[in-house]
Amino acid sequence: MTLLELANVGKRFGGLAAVDGVSFSVEEGEILGLIGPNGAGKTTLFNLITSIFPPSGGHVLFRGEPIEGLRPNSITRKGISRTFQNIRLFAQMTARENVMVGRHARSRAGIWGSVLKTGSQRAEEAQIREKTGELLALMGLAGFEEFPAGKLPYGHQRRLEIARALAAEPKLLLLDEPAAGMNESETREIHQSILTIRALGVTVLLIEHDMSLVMKVCDRLVVLNFGQKIAEGTPEEIRVNPEVVEAYLGREEDDGNA
Amino acid sequence: MPFDWLNPYHLQVASFLLINVLLGVSIYITLATGQLSLGNAGFMSIGAYASAILTTLHGIPMPVGILLGSLLAGASGVLVGIPALRLRGVYLAIATLGFGEVVRVVFVNWESLTGGAVGIAAIPQMGREILAALGKSGFSPGTLGLRNNQFISLSVFLILLAATLLSILFFLRLSSSRVGRAYNAIRMDETAAEAAGIDTTYYKVLAFSQGALLSGFAGALFAHTTSYISPADFTYHRAVEILVFAVFGGGEHLLGPVFGAMFLTVVPEALRFVSDYRYIIYGILLVLMMTFRPQGVIDPPLVGRLTRRGTAEGPWRSDSTR
Amino acid sequence: MFAEQLINGITLGSIYAIVALGYTIVFGVLDIINMAHGEIFMFGAFVGMLIATKAHAPLWAAFLGAIAVTAVMGYLLERIALRPLRGRSGGSALAPLISTIGVSILLENTAHKLFGAGNQLFETSFAEIKFEVGPVTVYLVQAAILAIAILLMAGLWLWLYKTRAGKGLRATAENLETAGLLGVDTTKIITATVVVASSMGGVAGVLVGMAFNYINNQMGLSMGLKGLAIIIFGGMGSVAGAVAGGILLGLSETFVVAYGSSGYRDAIAFIAIIVVLLIKPQGLFGQALPETRR
């Protein structure tokens, strides 16, 4: 079943088209990689999907329903979660608290429940704590629950952001360069985590520059360059696609421009 | 008389201290979502005037007047909070300051409603009302060993104490709950909070209205403590004073403005010199705090240290991240 | 009559414009709103009063004195309340604002201690001189205020656009880091900007004394908020906006008092702040507000 569909999505900033007529879909259960040189528009696409800003044109459909006008928190509620390219954790909160915030959309306690500490609120808090403990353990952060997030080692921070995103029980998880700045063993752990996440029933859309990770973990790839989709296919097909190679390595002849 | 040491003047100071604590908490609530509102003097005046007018002109019972005054202030908070969503940081602070001033100018000029610059007098006073009500059933403060004025001041103090403690408890409970986590997340990174599924619009407006309601509540209580209010009680100076409670006391923990309000109410009383130069000292305090300790005296790590006394240190040190 | 109200409005407006210019150049360079600006203006008025009225010295001496004192105040403000806060990583933009609020209440209450509450007379020797231009009566004071205001604005324009220091200021306003990299002594520029802005406030203070003949220690607060309204309306950091907004406010207030209710005169500025911030937060001439990362 098609989980996410982008139909001719575009975004202009002033005169610049950061994303231009991009169409592709994400099938349920797959791990789709979104790749392309820096500045190709990948993170902009993530921002469009999660409605950080509206598209200049085109539609984004999630489970058949258009979502481009919705507020970001509604999109999270509908089942899309994300991480950010430059980690955006709540640095002064503990790891556990970060994940508890992630659980916001799946809990309901309001003012009065919280102040009066009703039975249902206390039960919900206990359930939130339990769930966050599970997620932290899942992402290899057991033992770090009470660390302030800003003091965690870099790799742990990236995994914490993923744990927070998972707390919202997404059907689709958008990962923006989860392996950035990681060494080989950390990258292998991320690889494992992504597979585990898929095994839990979460579809993954992944932006990543680490080509070895991308080739190993993704079922399919979509390649962007200068805001446009230039190729789509399996890793093997993309690896030998001349346009993709050219996009990454530049033209053979010197055409005078960068 | 056994309670000769109970000084009505001291009780009155303590009563104003409690009102200041409520005001300090009111600015903290909105600040908890990252919104600095300098308009709480305006919301305070709305609560004060509403209750004063309802009780003096329309004979509404005092508790109802206080309730309605607070709710009206809270509703104004929603009206201000929604457009305030478009504004950030400095712009929001100034807009709310402007709001507070507009409210004051309106109250000064709308003489038929508010009495203008002259204000409203003979507002039912909490202590006196209680004394009168109890007097009807034959009770006299002498039976408790108190003079009338002691009884009046003591009743007011106790009512305010209950109101303040309940309010603090309310917001302490709130801050360690799902709502409090939402507030903190919004303050730390609104985009990330929104992406995590938090309806930032709802919570920011909610925080605004809570702050306004609490200010209005403090205002109504103020009116029924002093028995006389005028626009001069709700000027820019009041707004700055509230700001100083939070800035000096601490803007990152609920107990910060509580401490700030208490400290800055007591010290001018104890030291006449400080009282004479109160606002000059406030000014210096603001500059010094911003330079040396912008988070205020009471910050979360300090609260952690104070409450962790006697237990083993965690695996990490709570040093300042500043 | 209408023409006289018009002159009143423009005179008042040009004083407002000078105050607003002080705010706007500081905002342009430092990205902060100096909440103490109004109080510095008030001190300028009092110094001018002490020199012109109490010491019976000539008006130019009053101007010089006001400029000197307010320039020093501006320097101290920058040095003590602003510079230590600069370059602090992750510092909220609110810290300088709060710091200048602190300075403003410090100044306001110091003035209260020094000069007392209540109005003080600001007498100039030629307060009564007026001349007829057709059916219209114009006071010499008004003409002097207008002339000085125009000179000041022209001087500022020349400084900003024709001198090296002025260009440095505009570069710094554009981008602090880049200006520094290009060899502009940004520290000096920032200090100079605050000093110039404060002196302009001082001049405006003397002009207000000349215009109204009465000054008091509350005028800083009121002028401060109005100056804010003007730059918010005209666009923070915009010189044209400050001038246009100032004149407009002067005219609006004058006509509201002349033909409407004087009690609400002060509310115009505050309402303007709120309305502008809601409809077009960047003001008439300003650029779009940056998306702040929260």
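Tabulated data for the structure shown
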read-out: Among the candidates A:PHE46, A:PHE53, residue that is part of a loop (DSSP other than H, G, I, E, B), within 14 Å of chain B (Cβ to nearest Cβ) and not acidic (Asp, Glu); value: A:PHE53
read-out: Residue within region B:25-35 that is outside any loop (DSSP other than H, G, I, E, B), within 12 Å of the chain's Cα centre (by Cα), farther than 30 Å from A:PHE90 by Cα and of a type in the set (Phe, Trp, Tyr) present; value: no
read-out: Checklist (1) on the phi < 0 side of the Ramachandran plot; (2) away from every other protein chain (no Cβ under 14 Å) applied to A:SER74, failing item; value: (2)
read-out: Subset of region C:254-280 [over 15 Å from B:LEU85 (Cα atoms) and not in a helix (DSSP H, G or I)]; value: C:GLY260, C:SER261
read-out: Among (1) touching a helix residue (DSSP H, G or I) at 6+ places or on another chain (Cβ under 7 Å); (2) modelled with pLDDT of 95 or more - the single one B:MET126 does not satisfy; value: (2)
read-out: Criterion violated by B:PRO124 - all others in (1) farther than 30 Å from C:ILE273 by Cβ; (2) in a helix (DSSP H, G or I); (3) within 23 Å of the chain's Cα centre (by Cα) satisfied; value: (2)
read-out: Helices (runs of 4 or more DSSP H) within region C:1-90 that include 1 or more residues surrounded by fewer than 21 Cβ atoms within 10 Å (Cβ to Cβ) and either in contact with a strand residue (DSSP E or B) (Cβ under 9 Å, 6 or more places away or on another chain) or among the β-branched types (Val, Ile, Thr) (or both); value: C:2-30, C:59-76
read-out: Region B:180-199, residues that are buried (at least 23 other Cβ atoms within 10 Å of the Cβ), without any contact (Cβ under 8 Å) to a residue 60 or more places away in the chain and not in a loop (DSSP other than H, G, I, E, B); value: B:ARG181, B:ALA182, B:ALA185, B:ALA192, B:ALA193, B:GLU194, B:ALA195
read-out: Scan of region B:139-159 for residues that are out of contact with any Phe, Trp or Tyr (no Cβ under 9 Å at 6 or more places or on another chain) and either among the hydrophobic types (A, V, I, L, M, F, W, C) or within 14 Å of chain A (Cβ to nearest Cβ) (or both), ordered by number; value: B:PHE139, B:PHE151, B:ILE152, B:VAL156, B:PHE157, B:LEU158, B:ILE159
read-out: Where a residue in region A:110-124 is free of Cβ contacts under 8 Å to residues at least 12 places away in the same chain and its partner, wherever it lies, is of a type in the set (S, T, N, Q) and surrounded by fewer than 12 Cβ atoms within 10 Å (Cβ to Cβ), with Cβ under 9 Å and at least six apart; value: A:GLY113/A:SER120
read-out: Restricting region C:91-139 to residues that are surrounded by 14 or more Cβ atoms within 10 Å (Cβ to Cβ) and acidic (Asp, Glu), the residue that is modelled with the highest pLDDT; value: C:GLU108
read-out: Residues located in region A:151-178, provided they are facing chain B (nearest Cβ under 10 Å), touching a Leu at 6+ places or on another chain (Cβ under 7 Å) and not aliphatic (A, V, I, L, M); value: A:GLU161
read-out: Subset of region C:252-280 (residues that are of a type in the set (D, E, K, R) and more than 10 Å from every other protein chain (Cβ to nearest Cβ)); value: C:GLU253, C:LYS280
read-out: B:GLY135 being assigned to a helix (DSSP H, G or I) and either of a type in the set (Lys, Arg) or in contact with a Ser or Thr (Cβ under 6 Å, 6 or more places away or on another chain) (or both); value: no
read-out: Count of residues meeting criterion [within 7 Å of chain C (Cβ to nearest Cβ) and of a type in the set (Phe, Trp, Tyr)] in region B:84-129; value: 2
read-out: Breaking point among (1) without any contact (Cβ under 8 Å) to a residue 24 or more places away in the chain; (2) surrounded by 13 or more Cβ atoms within 10 Å (Cβ to Cβ); (3) assigned to a helix (DSSP H, G or I), for A:GLY133; value: (1)
read-out: Residue within region C:281-294 that is surrounded by fewer than 17 Cβ atoms within 10 Å (Cβ to Cβ), at the interface with chain B (Cβ under 10 Å from one of its Cβ atoms) and assigned to a helix (DSSP H, G or I) present; value: no
read-out: Qualifying residues in region B:160-200 (those that are under 29 Å from B:SER15 (Cβ atoms) and of a type in the set (Phe, Trp, Tyr)) - the one farthest from the other protein chains (Cβ to nearest Cβ); value: B:PHE171
read-out: Every residue from region C:212-224 that is in a helix (DSSP H, G or I) and buried (at least 21 other Cβ atoms within 10 Å of the Cβ); value: C:MET219, C:GLY220, C:MET223, C:GLY224
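Every residue, every condition in (1) among the hydrophobic types (A, V, I, L, M, F, W, C); (2) more than 30 Å from B:ALA32 (Cα to Cα), yes or no:
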{"position": "B:GLY116", "(1), (2)": "no, yes"}
{"position": "B:ALA132", "(1), (2)": "yes, yes"}
{"position": "B:LYS136", "(1), (2)": "no, yes"}
{"position": "B:THR143", "(1), (2)": "no, yes"}
{"position": "B:LEU166", "(1), (2)": "yes, no"}
{"position": "B:LEU172", "(1), (2)": "yes, no"}
{"position": "B:GLY180", "(1), (2)": "no, no"}
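Here is a yes/no grid of residues against (1) modelled with pLDDT under 90; (2) surrounded by fewer than 16 Cβ atoms within 10 Å (Cβ to Cβ); (3) touching a Cys at 6+ places or on another chain (Cβ under 6 Å); (4) within 12 Å of chain C (Cβ to nearest Cβ):
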| residue | (1), (2), (3), (4) |
| --- | --- |
| B:VAL258 | no, no, no, no |
| B:ARG272 | yes, yes, no, no |
| B:TRP316 | yes, yes, no, no |
| B:THR321 | yes, yes, no, yes |
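The values are calculated or read from the model by the stated rules, or taken from the named source; none is laboratory data. All of these numbers come straight from a predicted model, not from anything done at the bench. For neighbour counting, all protein chains shown are included, and Cβ atoms are generated from backbone atoms with ideal geometry for every residue, glycine included.
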